[in-house]
Amino acid sequence: MVKLVRLISRKQSRGFTLIELMTVIAVASVLMVLAAPSFSNLVKSQRLRTAASELYGDMTFARSEALNRRATVSITPLDSAAEGSKDWAKGWKIVLGTAAAGTTILKTREAFEGNISAPSGTSVEFGIAGRPTATTVSKATFKHSDLPEASWRCVQIEPSGRPTNKEGKCP
């Protein structure tokens with residue numbers, strides 16, 4: 001009879017003690033504290049990748065539209081209300097025609113979050129052959145003040161008109 005009581009009491013007392021639970025929580029919190037700084041750099045790096053990939057995709061779209069419509073298509077950085085300058089990180093718009101005369105907006109991209117900067121510059125214009133005109137900006141480096149140069153992104157237009165998206169600072 002005593003053995004039967006011991007077997008029943010052992011089966012009913014399954015689970016964790018308070019000390020075991022507190023130990024697991026303490027170890028998990030230490031691991032999370034160690035992982036947090038690298039996670040924030042990952043988020044910043046992904047924001048840069050996203051901004052550069054969006055510009056790359058929109059440059060490809062603008063080039064394709066110039067070829068399909070047999071017309072000039074321009075990508076122009078949006079004006080920053082505070083500074084009055086044009087910054088690719090503040091967003092851009094794609095217009096049919098030249099940047100100065102284009103009235104038909106094909107696409108607009110809003111500003112990106114998270115302290116991303118890119119050089120100010122003029123528009124990128126693709127002619128009817130899909131090649132950039134002589135007056136266009138040929139490259140833009142997306143950077144974040146908290147990340148090293150190796151994490152920056154370079155969006156560049158080749159003379160053929162094909163955009164590229166590479167890691168690092170533009171040459």
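What follows is calculated from the coordinates using simple rules that are stated; it is not laboratory data. Because the structure is predicted, anything quoted here is derived from the model rather than measured. Cβ coordinates were reconstructed from backbone atoms using ideal geometry, including for glycine residues, and neighbour counts include every protein chain displayed.
Packing order of peptides 155-167, 33-45, highest average first: 155-167, 33-45 (average count of other Cβ atoms within 10 Å over each peptide's residues). Each principal axis of the Cα cloud of segment 20-72 was taken in turn, and the coordinate range along them, longest first, works out to 71, 17, 6 Å.
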